[in-house]
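Engineer: Let me begin by handing over the structure; questions about it come next.
The values are calculated or read from the model by the stated rules, or taken from the named source; none is laboratory data. Predicted model, so just to flag it, every value in this text is computed and none were measured. Cβ atoms come from the backbone with ideal geometry, glycine included; neighbour counts cover every protein chain shown.
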């Protein structure tokens, strides 16, 4: 992922498809070409009797909706009979130059596919993640 530039300096690279993958039961089952993540959080105002404006804001739960593009199942996952439609409680792992981001407790909400003979390819998979965790590399 890192590339060498002149004078022996190292430049951090961007994640590549081998750096983005799905895991099921601790096993890498597919590599992903690209992703788009939207994190949202609900919040609400706390009002007090006699006050014209809210006295506080309380943050609610956070949710993560991630769209993956061009998923390729690994050879082992194909041999094991992986079915994207039956996947439950899987994880998305994204390796960035300085950290690893893991979305866990994932469920898919939308699948669009376009495949060629002999290749198991899912074009787009939208998932909802239960948790997000970052780890230093």
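Engineer: Which of the residues that make up the stretch 57-84 are assigned to a strand (DSSP E or B) and farther than 22 Å from residue 135 by Cα?
Structural biologist: Answer for the stretch 57-84, where residues must be assigned to a strand (DSSP E or B) and farther than 22 Å from residue 135 by Cα: 57, 58, 59, 60, 69, 70, 71, 72, 73.
Engineer: Can you tell me which residues in the stretch 85-134 are at pLDDT below 95, assigned to a loop (DSSP other than H, G, I, E, B) and exposed (fewer than 11 other Cβ atoms within 10 Å of the Cβ)?
Structural biologist: 98, 114, 115, 116, 117, 118, 119
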